[in-house]
């Protein structure tokens, strides 16, 4: 593993903190939000962010990940994704 990360987590434990809650989750949320932000870069970009990790709904920290995303339509139905892509395809002008 990464010796710097291991030292940081050990220091947090020694200080009585929970390294998962105080370091790993916040840093994972930042990386998650940055990754999601790379999907849409410009006004003409379109995309679907598919989240398949059940921990986002089953674990308390999952709410932090979901709350970090911008307010956009959310769905658990594949039909909604298909409709999104059908509408996007209809907007494409082929020359």
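Taken together, the values in this text are just the output of simple stated rules run on the coordinates, not laboratory data. Note that the structure is a prediction, hence the values are computed from the model and not measured. FYI the Cβ positions are ideal-geometry reconstructions off the backbone, even for glycines, and counts take in every protein chain you see.
Out of the helices (runs of 4 or more DSSP H) lying entirely within the chain, which hold 2 or more residues that are touching a residue at least 12 places away in the same chain (Cβ under 8 Å), under 13 Å from the mean Cα position of the chain (by Cα) and surrounded by 10 or more Cβ atoms within 10 Å (Cβ to Cβ)?
In the chain, the matching helices (runs of 4 or more DSSP H) lie at 25-37, 62-67.
Being under 21 Å from residue 39 (Cβ atoms) and in contact with a helix residue (DSSP H, G or I) (Cβ under 8 Å, 6 or more places away or on another chain) is the filter here; which residues of the range 58-69 pass it?
Across the range 58-69, the qualifying residues are 62, 64, 65, 66, 68, 69.
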